[in-house]
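Below is one structure, written out as structure tokens; comments come after it.
The values are calculated or read from the model by the stated rules, or taken from the named source; none is laboratory data. Remember, predicted model here, so these are calculated numbers, not experimental data. Please note: Cβ atoms are built from the backbone with ideal geometry, for glycine as well, and neighbour counts cover all protein chains shown. Heads up: the accessible areas ignore ligands, DNA and RNA and are worked out on the full protein's heavy atoms, side chains in. Shrake-Rupley method; radii C 1.70, N 1.55, O 1.52, S 1.80 Å.
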Amino acid sequence: MLIAIFTDIHSNREALEACLAHAAHRPIGRYVFLGDYVGYGADPEFVVDTVQEYAARGAVTLLGNHDSAAIGTPERMNDVAARAIEWTHRQLGPAQLAFLASRPLTVRDGGQLYVHASAADPAACDYVLDERSAGRSLQATDAALTFCGHTHVPALFHLTVTGKIAGFDPDAGVALPLTPQRRWLAVIGAVGQPRDRNPAACYALYDGGPRTLTYVRVPYDIESAARKIRDAGLPQFLAARLAWGR
Amino acid sequence: MTLRRLEPGHAIDGFRLDAPLNPGGMASLWRVTHPDIALPMVMKIPFMRPGENPLAIIGFEVEGMILPKLEGEHAPRFVKSGDFSNPYIVMEYIAGRSLKDRLGETPLPAEEVAAIGTAIAVALHDLHAQHVVHLDVKPSNVIMRDNGEAALIDYGLARHDQLPDLLAEEVSGAIGTGAYISPEQVQGERGDPRSDLFALGVVLYFLATGERPFGEPGNAREWRRRLWRDPVPPRAWKSDLPPWLQEVILRCLEIDADARPATAAELAFALRNSECVLLTERSRRTRRDGVLTVAARWLRARKPVLPPQRRSIAAQLARAPIILAAIDLGAGHEGLSEAIAVAVSRLLATEPGARLACVNVLKVSLLTIDPVADAQGRNIHLQRLVELKHWARALPVAAERVTYHVLEALDPADALIGFARANRADHIVIGARASSALRRYLGSVSAQVVAEAPCTVTVVRTAGSR
């Protein structure tokens, strides 16, 4: 089965639409959203509604730390993010807030674990950025494959035969075999706010047959997304960084 | 994991074990059949005994990652692999003869060494173009198909530059086979396609002389000698070995990868066009380097090595393209050949590692199929070569990177396309004459080359013909 995995959409309608349109050309058997639907961008209602529609049709939809903050849970956040969350909270209606509030932190599907950030403490939302943090996450689960987001930087970690953790910087468009001999932790890059110096939206396709993971980059209308952020009166930096991809 | 005792007639995931083959060092091999798959197949089952070398287990995993990525006739086709509790890989069984079986016949004649070397180099170029370095090229991993093509098997030590390198993460230091490992592999580098050319150089040396240039050193300490000690020149073993073959073999065995052929295609080109091999001091060498040279290299080898950078195999290939310039010679074509020279100069300026093959087609008619000497008694073929060299004299390219070829053919376009395909050309530069009603009717050479060439084609026109 082909699984499409999206994370860190951050109220970016243009990026989400581009990724979903790209995925729609493929025989997707399951949609997975790893959280952080809102925050930063100017289209929280559209994004939450869209994800809710996919959830109604069986998609896995998790809770991210920005979603948690948007429903009123205190979260550690920098000033820019906090201002965006205050604005986001005012845009969302009761049904949208209720949808976010009922999202789980993790979903286990056989040998696969879905989580927004580190599996070590899903609510704490640690960043899986390097071998050390990846090791903490891998040690916290016995899942053969963990898929997470949160860092906005695509990365692939694995536990070696002798118990070492190794990291890999994946190229887009390459089907990476996740061999059954070891455990893997895939950090999926962001749909709505990439930070790996590539401004194109990122999502991933996991094919359970040959066990391959492909990171996909989709160019989208950055100018429109950025203009809406400025028009909404959100911090200018949030608009500018979309084009920088960082 | 349970140890399975395997017998002919057993079935694994629907594959019937027919007969065992000679086991590899790290796995047992079986001819297998499947009711739904017509392909002749072999199943590889890793030895998973307690205390087994972890390299064997990781190598099996690596092969399972890389083999499904490979296409073409130079690697076995991947069929299926098993899961964690039932590890196996099923792949195409390649009919042919292992090069290992021919080692008893060495030394082989130079022409045969060149033909085998060309086939292996072409196979390696195909792998390299697919982002894979084999890193364990040796006779037992080469199958010569009945049609003369070579296929490489066993990707347990290979590296795919777009996939995680599971071996490098587990093992620090040298991974390879003692007799064939390249100096940079000894230092832990696993991303350079020219490492395969070094190993192929060892194979060619062995085939041509019956001797191994570095013996069969057993441990990594002995492997390090490769960083400073050059081999005995092949002609010291076999004095009738042609100088061009010694030149090619010793270039492959250069300690510094930059001194080797830049790509496998370049090596195949040299082996296929032996008359074009520029003979240097290497071809005349009769003994190994002196003690001072070796001592200097030994001192250099003691320096700590920079950590290997993540280098793209594709980038190494792209640095050294083969450019084919198709030139019309003679009266009436001066303007066009001048324009082609300008276009080629621009390409060479942007690709300093490029090789240039200057090609002229001598059109023969069915009536006078053999090249005739003209009225002055000069051989036309020779005269064309002289004119080609004259044409290329001002191009910004070193002499050792240019070759000259006069092809005799009935159909110039077919000849150019065939040459480009056989020599793995990356780019053809060809002139187009002015359009005319007659040419539109007959079809032009350049149009056919554009339509059928296996690579990029630049068509040059002169200002007057636009």
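Within the range B:40-58, is even one residue of a type in the set (A, V, I, L, M), open to solvent by 80 Å² or more (accessible area, probe 1.4 Å) and free of Cβ contacts under 8 Å to residues at least 60 places away in the same chain?
no
Just for helices (runs of 4 or more DSSP H) wholly inside the range B:259-320: which have at least 2 residues that are at pLDDT 90 or above and more than 14 Å from every other protein chain (Cβ to nearest Cβ)?
It comes to B:264-272, B:281-284, B:291-302.
For the range A:83-97, name all the residues that are open to solvent by less than 50 Å² (accessible area, probe 1.4 Å) and closer than 22 Å to A:L34 by Cβ.
A:A84, A:I85, A:T88, A:L92, A:Q96, A:L97
What residue, among those in the range A:156-165 that are open to solvent by 40 Å² or more (accessible area, probe 1.4 Å) and facing chain B (nearest Cβ under 7 Å), is nearest to A:S118 (Cα to Cα)?
A:K164
Name every residue in the range B:62-91 that is in contact with a helix residue (DSSP H, G or I) (Cβ under 7 Å, 6 or more places away or on another chain), in contact (Cβ under 8 Å) with a residue 40 or more places away in the chain and either among the small types (G, A, S) or part of a helix (DSSP H, G or I) (or both), in order of residue number.
Within the range B:62-91, B:V62, B:G72, B:A75 qualify.
When the residues of the range A:166-182 are narrowed to those that are open to solvent by 30 Å² or more (accessible area, probe 1.4 Å) and at the interface with chain B (Cβ under 7 Å from one of its Cβ atoms), which ends up nearest to A:V153 (Cα to Cα)?
Across the range A:166-182, the extreme among qualifying residues is A:D171.
Suppose we keep only residues that are open to solvent by less than 30 Å² (accessible area, probe 1.4 Å) and assigned to a strand (DSSP E or B) within the range A:29-45. Which one would you say is farthest from A:D231 (Cα to Cα)?
Checked the range A:29-45; the qualifying residue farthest from A:D231 (Cα to Cα) is A:V32.
Here are some conditions: (1) away from chain A (no Cβ under 14 Å); (2) assigned to a helix (DSSP H, G or I); (3) within 17 Å of B:S140 (Cα to Cα). B:G59 meets all but one. Which one does it not meet?
Just one mismatch for B:G59, condition (1).
Condition first: open to solvent by less than 10 Å² (accessible area, probe 1.4 Å) and either assigned to a helix (DSSP H, G or I) or touching a Leu at 6+ places or on another chain (Cβ under 6 Å) (or both). Now tell me which residues in the range B:123-134 satisfy that.
B:A123, B:L124, B:L127, B:H128, B:H134
Among what's in the range B:146-166 and is within 14 Å of chain A (Cβ to nearest Cβ) and among the charged types (D, E, K, R), pick the residue that is surrounded by the most Cβ atoms within 10 Å (Cβ to Cβ).
Among those that are within 14 Å of chain A (Cβ to nearest Cβ) and among the charged types (D, E, K, R), it is B:R159.
Okay, residues lined up against (1) over 30 Å from B:E92 (Cα atoms); (2) within 14 Å of another protein chain (Cβ to nearest Cβ); (3) open to solvent by less than 10 Å² (accessible area, probe 1.4 Å); (4) free of Cβ contacts under 8 Å to residues at least 60 places away in the same chain:
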site: B:M144; (1), (2), (3), (4): no, no, no, yes
site: B:A208; (1), (2), (3), (4): yes, no, yes, no
site: B:F214; (1), (2), (3), (4): yes, no, no, yes
site: B:A220; (1), (2), (3), (4): yes, no, no, yes
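Can you tell me which residue in the range B:167-203 is least open to solvent (accessible area, probe 1.4 Å), limited to those that are within 14 Å of chain A (Cβ to nearest Cβ) and aliphatic (A, V, I, L, M)?
Here the residue is B:L167.
Give me the pairs: first residue in the range B:382-394 and under 17 Å from B:A349 (Cα atoms), second residue open to solvent by 40 Å² or more (accessible area, probe 1.4 Å) and aromatic (F, W, Y), beta-carbon distance under 9 Å, and six or more apart or on different chains, which are they?
Going by the 9 Å Cβ cut-off, the qualifying pairs are B:A392/B:Y404.
Anything in the range B:92-107 that is open to solvent by 10 Å² or more (accessible area, probe 1.4 Å) and touching a residue at least 12 places away in the same chain (Cβ under 8 Å)? List them, or say none.
Within the range B:92-107, B:E92, B:Y93, B:I94, B:A95, B:G96, B:R97, B:S98, B:K100, B:R102, B:L103, B:T106, B:P107 qualify.
Looking only at the range B:151-174, count every residue that is in contact with a His (Cβ under 7 Å, 6 or more places away or on another chain) and outside any loop (DSSP other than H, G, I, E, B) and tell me the total.
Total satisfying the criteria: 3.
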